[in-house]
Amino acid sequence: MQLELRFFFKSIIFLFKVLLLTSILVGCSSLTWKKSFSEHSSKSVAMSDSIINKILGHYNNIIIHNVSLQWSDRYNILAKKNKKWYSIQYILNKDAITTNEPPFHYTTNHIQKNIGDSIWKVFIKHEFWKIQSEDNGDCVHNKNGKGCFVDDGKWERLIMILGKRRVDKKYYEPMFYEQECCPGSENRKVFIVCTKALEQLSD
């Protein structure tokens, strides 16, 4: 009986040590990426859109995907507050006066923790904050040697905010240039992977 108790307590102590070590490693990993993020980020400042500014003031961890079109600005947003994740869809209608449509459309939905966490981890895994800030296609010829240029495409913007720090990346027609024009840009690949992760919010 004493031998069994001794074995039991040894097992408990071993399990405690494993859990403690795991907790320390996770904590160190978190500190490492946050330090890297801080080094590559800048102070978060107000933006030109008042609704976006309200979101910035209301939530803590935020990722914004903005697609700017001729007649609208579309925002797909992941935001966290009090350990809960939210999906925000916001569309600004630039032509509301002439089309007689509502000036904007806005919805907020609470999402499952595992979905929010998984999207956030994609940005951390690929160290999104380290890619170049702007990409306008950056190639003259495509893979077949033909001229490659888009003059009426769209800019996509990804913003990642942690506390009072943020990183802001702006890419021009990233999917087109990666698939049709000049594939192989590691920066663009990371940008595309991160935008695709956010697609879960609008499914």
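Conditions (1) modelled with pLDDT of 75 or more; (2) under 30 Å from D152 (Cα atoms); (3) assigned by TED's automatic domain parsing to the domain that holds H110, marked per residue:
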site	(1), (2), (3)
I12	no, no, no
L19	no, no, no
I24	no, no, no
M47	yes, yes, yes
K54	yes, no, yes
H58	yes, no, yes
N66	yes, yes, yes
S72	yes, yes, yes
I88	yes, yes, yes
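Selection of segment 174-190 for residues being crowded, with 19+ Cβ neighbours inside 10 Å and either among the β-branched types (V, I, T) or within 22 Å of Q70 (Cα to Cα) (or both) yields P174, Y177, V190.
Scanning segment 60-82 for residues that are under 18 Å from D117 (Cα atoms) and touching a residue at least 24 places away in the same chain (Cβ under 8 Å) returns N60, N61, I62, I63, I64, H65, N76, I77, L78, A79, K80. Would you confirm, using the coordinates I've provided, whether S133 is at pLDDT 70 or above, small (G, A, S), more than 19 Å from Y59 (Cα to Cα) and exposed (fewer than 15 other Cβ atoms within 10 Å of the Cβ)? So S133 fits the description; yes. Quick one: would you say K83 is closer than 14 Å to G163 by Cα, modelled with pLDDT of 80 or more, in the same structural domain as H126 (by TED's automatic domain parsing) and exposed (fewer than 14 other Cβ atoms within 10 Å of the Cβ)? For K83, the condition - closer than 14 Å to G163 by Cα, modelled with pLDDT of 80 or more, in the same structural domain as H126 (by TED's automatic domain parsing) and exposed (fewer than 14 other Cβ atoms within 10 Å of the Cβ) - is met.
The values are calculated or read from the model by the stated rules, or taken from the named source; none is laboratory data. In this text, all values refer to a predicted model and were calculated from it rather than measured experimentally. With ideal geometry, Cβ positions are generated from the backbone for all residues, glycine too; neighbour counts draw on all protein chains shown.
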